[in-house]
1. Determine one quarter of the surface area of the Cα convex hull of the range 113-162, which equals its mean projected area, and express it in nm² to one decimal.
2. Take the Cα gyration tensor of the range 14-187, multiply each eigenvalue by 5, square-root it, and list the three semi-axes largest first, rounded to whole angstrom.
3. For the residue pair L165 and A36, what label-to-label distance in nm results when each label sits 7 Å from Cα along the Cα-to-beta-carbon direction?
4. Starting from the Cα of R76, step 7 Å along the direction of its Cβ; do the same at E153; then give the gap between the two resulting points in nm.
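Read the figures in this text as sums done on the coordinates, not as results from a lab. In this text the structure is predicted, and so the values were computed from the model without any measurement. Glycine gets a Cβ as well: all are built from the backbone with ideal geometry, and neighbour counts include every protein chain shown.
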Amino acid sequence: MRAWAVLVLAVLSCGLSGCGYNSLQQQDENVKASWAEVVNQYQRRADLIPNLVNTVKGYAAQEQKVLIGVTEARARVGSIQVTPEVLNNPALFQKYQAAQGELTQALKSLLVVTENYPQLKSDQNFRDLQSQLEGTENRITVARNRYIQAVQEYNVKVRSFPVNLTAKMFGFQVKPNFTVANEQQISTAPSVNFDTTPPAGAPAAPPASGQPATK
């Protein structure tokens, strides 16, 4: 009897292996691990932002719009719970990526603004934070690329015959991936206006000491 049980288990194991079940499990875990690294790098970026904002504020407190924009974008990202269900929920995945894209744009605007403050650019603390942020952005790019590749391989497997029959039987579904729209949004340069001309109707600035007022 025991011999028959072992034989049945062996047959079932070979059947599952041959129908792609094991490879589906392996690739599913690979996708989860790749996504975990993406989230890890996003979190590393989020952790840097408060110190970066405070440093910039010390030299450019008047740039309130940009500083508030970064803080609010970070808060929106933090308000979205990143659970394993995100990988099987295209709408939630897109919402999370849209929030990360907004934060990326806000950070770009902040760094563009800092170009207008030489003293800030020369601050060692700011330079260290900027270097860490740049390193994190590079890690995010690498992690995203690995996730894209992992999802692509998994999705091809899930949709290929006859593995698609096994996938349907065991509930393996196509997972959402980064889209071209995501990449375009993130790669678009921010628009920052340094025009200091007072608006129409605003009083002119007083003349410098010792200079006659123009008539």
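1. Details: hull surface 17.5 nm².
Quarter of the Cα hull surface area: 4.4 nm².
2. They are 41, 14, 12 Å, listed from largest to smallest.
3. 3.4
4. 3.4
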